[in-house]
Number of protein chains: 2
Amino acid sequence: MPETKIKKTDDFNEWYNEIVELADLCDKRYPIKGMNVWRPYGWKLMSHVDRLIREEMIKTNHHEVCFPLLIPESSFKKEEEHIEGFGSEVYWVTHAGLNELEERWLLRPTSETAMYPVFSLWIRSHADLPLKTFQIVNTFRYETKQTRAFIRVREIHFFEAHTCHVDFEDAENQVKEDKEIADRLFKKLSLPYILSKRPDWDKFAGAFYTISIDVLMPSGRTLQLGSIHQYKDNFSKPYEISYETEDGTHANCHQTTYGMSERILGALIGIHGDNKGLVMPPEVAPVQVVVIPIIFKGKEKPVFNACDALCKKLGESSIRSHVDKRDITPGNKYYNWELKGVPLRIEIGPKDLEKKEIVIVRRDNSDKRSVSQESSVNVIKDELDKISKNLYGNAKKYLDENMHRVNDIKKAKNLKGIIELPWCGTDDCALKIEDILDGNTLGEPIEDVKCIDTCPVCGKSATTWMRYAKTY
Amino acid sequence: MPETKIKKTDDFNEWYNEIVELADLCDKRYPIKGMNVWRPYGWKLMSHVDRLIREEMIKTNHHEVCFPLLIPESSFKKEEEHIEGFGSEVYWVTHAGLNELEERWLLRPTSETAMYPVFSLWIRSHADLPLKTFQIVNTFRYETKQTRAFIRVREIHFFEAHTCHVDFEDAENQVKEDKEIADRLFKKLSLPYILSKRPDWDKFAGAFYTISIDVLMPSGRTLQLGSIHQYKDNFSKPYEISYETEDGTHANCHQTTYGMSERILGALIGIHGDNKGLVMPPEVAPVQVVVIPIIFKGKEKPVFNACDALCKKLGESSIRSHVDKRDITPGNKYYNWELKGVPLRIEIGPKDLEKKEIVIVRRDNSDKRSVSQESSVNVIKDELDKISKNLYGNAKKYLDENMHRVNDIKKAKNLKGIIELPWCGTDDCALKIEDILDGNTLGEPIEDVKCIDTCPVCGKSATTWMRYAKTY
């Protein structure tokens, strides 16, 4: 069977560009660069990721809202750092029909400046807190760098949670909950990740601090999938989000946000895929099990019936399956569903029927075996679980092998992946290392931080580590 | 208990404006007029309507896609009538950051001109047809008339299905399927509606014909909830959507679309609500059953336990329920959940526990009765079904009482609601009647069309009916 034209192992970036179209995830031929069409298979995959996020949000008492896309320039300009960070990246609506607008509106790049004027109306008293909201919407950023499907686009499918709290400590608890959510979510996606506290010069515009969620792609570059921000009262002051405390005084809220985007798909495609195409983690695979009838002319009916019966049983156990009855060879079907990354393939032919068996083939490692029809649902559940764990294990191994804690820039220069070097805490030294390694700072680790060493640039005492990597 | 300040029966439009905010559906204080904030309760309600639409789409083999929001001016300008219809209603993006765009982009008012250039790439052969797609997205129209929550807004939550077919006949079959979808969908929403074939001067810009789906609101005005369009090859020609036929020649596709919007919420609110607030049809009620513990200090625990146990049982039967344990009076809770239109209220107190009973109160007709705990889930299912039917019955009665088929303009002038008059088929006569009745043409009935009468304006023979109504 043919594989993708470009091998993942030969040229990851080109393989990626090819596979997103071959597997029917998106169409890049839309006439605006960086705004792609979600094809049905890609959109289904995204919807399953959204579902997992929604489940986590509901479990943690966040409420889904939907704010307008357009933001008046005057609302946008209330927080100074925020404008500086986003001002050059936004799209402006200036006309309605034939009329010029009195005030320009921008397309949200993120929704702080849409939400916070309204939050200031919603929050009156400590009894209104915490306010925990989220939305899943389209956002827009004017990207000038080279665009790449799901990874760097100009219309972004975006998740954003926004919370308001009585004080800094309660907002810190939210950050803790956000980290737990990441833990559960990315485990389900079989994606190992690292959390880093971004250096001050690279935090979110307006934030007190930013924790980024990064994964390591097979190219050796990291991809930021999301971030958790502690805003303190940096936004609540200019946007006047205050409340009456229990003792009758007034105080500003402390706020957090949590953002993730369609980049999660970029990670799923890039990290789990192989030379045959996508490999989807079972939790989000639009089709978890594809059933291929192995038929001989005139003997379709009993095989089709057995395939349909299996699908029905799988559906009753909430397993998403599909019988491929197209009039093409089984080989072509294998190729097609392997390309799309369906975790399990079942083959059923007349001989299997005689033996009351089915054949199960795993997408992740090509393992093939026969099992009894009777045990099929349980075995399938079990195999899906094993695939999920195996994908995680492989990705974790790659991440571990490519994370290096060293104290010598020379050594660091020869290493691929994520590099941790002792850091004295000054901007200059980190920026110099960025230059030398031709990479970017990711930030400090948030666990296992302790360092007793010297800064490899200035030689002064270093009490923490700084991470560097080439990034997308 | 207080009711809404304004009675629905006194001033429907003001009652409507008040209830959408009182019931926490939306917040109209966003700084751009006609762009409202979806609050959690409103968004949940909308999501349940979206779910019903998605279920219908999946059942009929439509595939969900998501096209970019922004459309280049050059793509937009390919179909002449379409530009004429929408040109004055669109918002224009002219700048990205500090740069002026080379070509202006518009925010989709609907997605024909975003999709069709891509459809022309997707469709090559008759084997690619029919192509049946849909998306649920935000669309934008520059409304100059007075805005009204869910009914006339500038950012519109919108469903649009787009299909391509080998010929006119196959597209006609799609229109038939669309009508069946409307039938199932609006039955679940307890909304009786009428289908009318819009007159030529009022059809969708670029369509061959348009069928509108209208409901009658309590104000006596009709509200258009959606429309089904037969495009013939009007778009496929300028957008070059063609395919190779079985015999090797080339032909243009015939296309249809199906659009519905958040106006469905407007209809649910307006048609089913009463002086106490919303009344939600069970199918889409975010909370179908609210359980109120009737508690005495120190005796909370057994009552809370019984409430929780009931909710758990209801959840197992896929019934959405909530126990209201807030520390406020039961009366305040009743008021609150009545306002939000929860179909069934359950009361459980110590006396009910002793008798192994629960009290059930219906939102639609205030009927109250005790039933045994044992039978509770079955009774609740049954009552939800009865509410759904009762809401439909009431709305149907109102519609039937306010649809008038007459042949005399004088009579028509004294009637409220939807009026059918004989029509000779000329624009002038229908437009004159619009003037006299101070209403709009809705279109011809698509069933029970036959008319043997004379046009009340020109006196010529009339072989069909034209519907008129005041509209939103």
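Every residue in the stretch A:127-171 that is assigned to a loop (DSSP other than H, G, I, E, B) and not β-branched (V, I, T), please.
Matches in the stretch A:127-171: A:L129, A:P130, A:R141, A:Y142, A:E143, A:K145, A:Q146, A:A149, A:F150, A:R154, A:D167.
Scan the stretch B:218-236 residue by residue and report those that are surrounded by fewer than 23 Cβ atoms within 10 Å (Cβ to Cβ) and over 26 Å from B:V166 (Cα atoms).
B:P218, B:S219, B:G220, B:R221, B:Q224
Return the residues of the stretch A:82-112 that are without any contact (Cβ under 8 Å) to a residue 60 or more places away in the chain and within 20 Å of A:S242 (Cα to Cα); say none if nothing qualifies.
A:S111
Please determine, by comparing only the residues of the stretch B:60-84 that are out of contact with any strand residue (DSSP E or B) (no Cβ under 8 Å at 6 or more places or on another chain) and of a type in the set (D, E), which one is nearest to the other protein chains (Cβ to nearest Cβ).
Selected residue: B:E84.
On the given criteria, is B:Q174 within 14 Å of chain A (Cβ to nearest Cβ) and not charged (D, E, K, R)?
Here the answer is no, as B:Q174 does not meet what is asked.
If B:G273 passes every condition in (1) small (G, A, S); (2) free of Cβ contacts under 8 Å to residues at least 40 places away in the same chain; (3) out of contact with any strand residue (DSSP E or B) (no Cβ under 8 Å at 6 or more places or on another chain) but one, which one does it miss?
Single failed check for B:G273: (2).
Residue by residue through the stretch B:60-82, note down the ones that are of a type in the set (S, T, N, Q) and either closer than 15 Å to B:T133 by Cα or assigned to a strand (DSSP E or B) (or both).
The answer is B:T60, B:N61.
Please count how many residues of the stretch B:30-47 are under 15 Å from A:L69 (Cβ atoms) and of a type in the set (A, V, I, L, M).
The number of residues fulfilling the criteria is 3.
Quick one: what pairs do we get from the stretch B:238-262, first residue within 23 Å of B:I228 (Cβ to Cβ), second in a loop (DSSP other than H, G, I, E, B) and acidic (D, E), C-beta under 7 Å, 6+ apart or different chains?
Within 7 Å, the pairs are B:P238/B:E79; B:N252/B:D233; B:C253/B:D233; B:H254/B:D167; B:H254/B:D233.
Pull up the stretch B:85-114, narrow it to residues that are buried (at least 21 other Cβ atoms within 10 Å of the Cβ) and among the small types (G, A, S), then point me to the one that is nearest to the other protein chains (Cβ to nearest Cβ).
That would be B:A96.
What are the residue pairs meeting all of these: first residue in the stretch B:376-393, first residue in a helix (DSSP H, G or I), second residue among the basic types (K, R), Cβ atoms under 8 Å, and 6 or more apart or on different chains?
Qualifying pairs under 8 Å: B:S376/B:K313; B:V377/B:K313; B:E383/B:R362; B:K386/B:R362; B:I387/B:R362; B:I387/B:R363; B:S388/B:K188; B:Y392/B:K187.
Residues are listed down the side, and each one gets a yes or a no for (1) of a type in the set (A, V, I, L, M, F, W, C); (2) touching a Gly at 6+ places or on another chain (Cβ under 7 Å); (3) farther than 20 Å from A:A285 by Cα; (4) surrounded by fewer than 17 Cβ atoms within 10 Å (Cβ to Cβ):
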residue	(1), (2), (3), (4)
A:K5	no, no, yes, yes
A:E18	no, no, no, yes
A:C26	yes, yes, no, no
A:N36	no, no, yes, no
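Based on this model, can you work out whether B:L191 counts as more than 14 Å from chain A (Cβ to nearest Cβ) and under 12 Å from the mean Cα position of the chain (by Cα)?
yes
Would you confirm, using the coordinates I've provided, whether A:F159 is within 30 Å of A:C429 (Cα to Cα), in contact with a strand residue (DSSP E or B) (Cβ under 8 Å, 6 or more places away or on another chain), away from chain B (no Cβ under 14 Å) and crowded, with 20+ Cβ neighbours inside 10 Å?
No: the conditions fail for A:F159.
Residues in the stretch A:44-59: is at least one at the interface with chain B (Cβ under 7 Å from one of its Cβ atoms), among the hydrophobic types (A, V, I, L, M, F, W, C), under 22 Å from A:G226 (Cα atoms) and not in a strand (DSSP E or B)?
no
Under the condition of being outside any loop (DSSP other than H, G, I, E, B) and in contact (Cβ under 8 Å) with a residue 60 or more places away in the chain, which residue from the stretch B:22-37 is nearest to A:E103 (Cα to Cα)?
Within the stretch B:22-37, the match that is nearest to A:E103 (Cα to Cα) is B:C26.
Of the residues that sit in the stretch B:421-439 and are touching an Asp or Glu at 6+ places or on another chain (Cβ under 9 Å) and buried (at least 18 other Cβ atoms within 10 Å of the Cβ), which one is nearest to B:V215 (Cα to Cα)?
B:L421
Going by the structure shown, is B:E102 farther than 27 Å from B:R148 by Cα and assigned to a strand (DSSP E or B)?
Yes; evaluated as a whole, the condition is true for this residue.
When you scan the stretch A:30-40, do you find a residue that is within 9 Å of chain B (Cβ to nearest Cβ) and among the polar types (S, T, N, Q), even just one?
Yes, some residue in the stretch A:30-40 is within 9 Å of chain B (Cβ to nearest Cβ) and among the polar types (S, T, N, Q).
Quick grid of which residues meet (1) touching a strand residue (DSSP E or B) at 6+ places or on another chain (Cβ under 7 Å); (2) assigned by TED's automatic domain parsing to the domain that holds B:W201; (3) within 14 Å of B:A412 (Cα to Cα); (4) not in a strand (DSSP E or B):
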| residue | (1), (2), (3), (4) |
| --- | --- |
| B:D435 | no, no, yes, yes |
| B:T441 | yes, no, yes, no |
| B:K450 | no, no, no, yes |
| B:P456 | yes, no, yes, yes |
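I'm told B:A182 meets every condition in (1) under 30 Å from A:R326 (Cα atoms); (2) away from every other protein chain (no Cβ under 11 Å); (3) not polar (S, T, N, Q) except one. Can you identify the failing condition by its number?
The single condition B:A182 does not satisfy is (1).
Does any residue of the stretch B:141-152 turn out to be in contact (Cβ under 8 Å) with a residue 24 or more places away in the chain, away from chain A (no Cβ under 13 Å) and of a type in the set (S, T, N, Q)?
No - not one qualifying residue is present in the stretch B:141-152.
Taking A:E283, is it out of contact with any Leu (no Cβ under 9 Å at 6 or more places or on another chain) and not polar (S, T, N, Q)?
In short, no.
The values are calculated or read from the model by the stated rules, or taken from the named source; none is laboratory data. Being a predicted model, the structure only gives us computed values, none of them experimental. Please note: Cβ atoms are built from the backbone with ideal geometry, for glycine as well, and neighbour counts cover all protein chains shown.
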